[in-house]
Amino acid sequence: MTIQAVVFDAYGTLYDIQSVAAITERAYPGYGELITQIWRIKQLEYTWLRSLMRRYEDFSVITRESLDYTLDCLGLKQDAEIFDSIMDKYLHLDLYPDALQALSELKDRKLAILSNGSTGMLNALVRNSGLDRLLDATISIDSKSIFKPSPDAYALIEETLRIAPTDVLFVSSNPWDACGAKAFGLKVAWIERVTPDAMVRAFERRDLVTPLAMFKAIRTQMDQLGLKPDHQISGLSDLPGLVAGIRP
Ligand code: LAC
């Protein structure tokens with residue numbers, strides 16, 4: 001078994017969702033980090049709740065609804081222009097610094113994204129970041145009307161690339177997504193962006209638990225779901241060496 005395709009999660013894996021903090025802080029000074037963390041936590045929760053309730057709306061609706069929730073719960077005055085400028089950042093998120101180089105070194109394999117993002121959001125994001133030059137496919141779960149970690153979402157990889165799950169390395173920094181892909185039967189590399197030591201250090205000032213520390217505690221440590229990724233890496237730059245070393 002060699003790796004014929006490397007398929008990436010988008011938000012949090014290739015693109016840094018913390019990069020919205022600059023614009024949320026500019027829009028609401030002093031609230032930037034709070035908005036960023038509550039927004040991402042609610043955005044993910046809404047994907048899971050809508051999937052379970054079978055009331056699918058695409059990720060652009062969910063991203064708007066979770067931002068709306070966040071501004072309301074913080075008692076922040078809403079302004080349509082400011083709201084749309086924050087939403088627009090989701091089409092221009094920062095790529096992680098090692099993303100372009102890592103994907104360039106993997107070009108001898110099929111490269112794709114499988115993401116909860118809607119087709120419109122993902123195509124704009126990939127085009128705006130220049131990743132469209134390196135990707136063979138950008139796959140949105142939209143056509144299945146259910147979000148990851150549903151198996152129906154991961155099934156889109158074989159349906160699109162015609163490559164069996166065991167010959168695909170799925171890469172995500174989101175622990176729940178890495179577990180979902182493993183449960184489906186993909187080979188999985190989980191990017192541990194926050195080490196356990198860094199996690200503990202985030203709570204050294206227990207009198208000052210920042211929203212970012214809470215986000216890291218809730219969304220970056222490997223979940224206890226009875227599943228473990230095949231590989232654990234510290235960044236995208238570890239991938240070319242890992243993939244080259246995977247033998248049948
Ligand atoms: C993605 C988000 C949910 O699917 O990480 O890209």
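The values are calculated or read from the model by the stated rules, or taken from the named source; none is laboratory data. This is a predicted model, so every value here is computed, not measured. Using ideal geometry, Cβ is built from the backbone for each residue, glycine included, and neighbour counts are taken over all protein chains shown.
Data table
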| item | result |
| --- | --- |
| Residue check for Thr63: at pLDDT 95 or above, among the β-branched types (Val, Ile, Thr), within 14 Å of the ligand (Cβ to nearest atom) and surrounded by 19 or more Cβ atoms within 10 Å (Cβ to Cβ) | yes |
| Residues located in the range 175-225, provided they are within 14 Å of the ligand (Cβ to nearest atom) and of a type in the set (Ser, Thr, Tyr) | Thr220 |
| Count of residues meeting criterion [among the small types (Gly, Ala, Ser) and part of a loop (DSSP other than H, G, I, E, B)] in the range 184-231 | 2 |
| Residue check, Leu44 of a type outside the set (Val, Ile, Thr), over 17 Å from Ile218 (Cα atoms) and crowded, with 19+ Cβ neighbours inside 10 Å | no |
| Some residue of the range 36-50 being farther than 30 Å from Leu103 by Cα, among the charged types (D, E, K, R) and in contact (Cβ under 8 Å) with a residue 60 or more places away in the chain | yes |
| Residue match in the range 69-90 (condition: modelled with pLDDT of 95 or more, crowded, with 18+ Cβ neighbours inside 10 Å, part of a helix (DSSP H, G or I) and within 16 Å of the ligand (Cβ to nearest atom)) | no |
| Residue check for Leu100: surrounded by 15 or more Cβ atoms within 10 Å (Cβ to Cβ), within 16 Å of the ligand (Cβ to nearest atom) and either without any contact (Cβ under 8 Å) to a residue 40 or more places away in the chain or not in a loop (DSSP other than H, G, I, E, B) (or both) | no |
| Positions within the range 130-158 being assigned to a loop (DSSP other than H, G, I, E, B), of a type in the set (D, E, K, R) and farther than 16 Å from Cys179 by Cβ, in sequence order | Asp136 |
| Residue check, Ala244 under 14 Å from Val6 (Cβ atoms), surrounded by fewer than 17 Cβ atoms within 10 Å (Cβ to Cβ) and not basic (Lys, Arg) | yes |
| Output for the range 1-53, where each listed residue is part of a loop (DSSP other than H, G, I, E, B), of a type in the set (Ser, Thr, Tyr) and within 15 Å of the ligand (Cβ to nearest atom) | Thr13 |
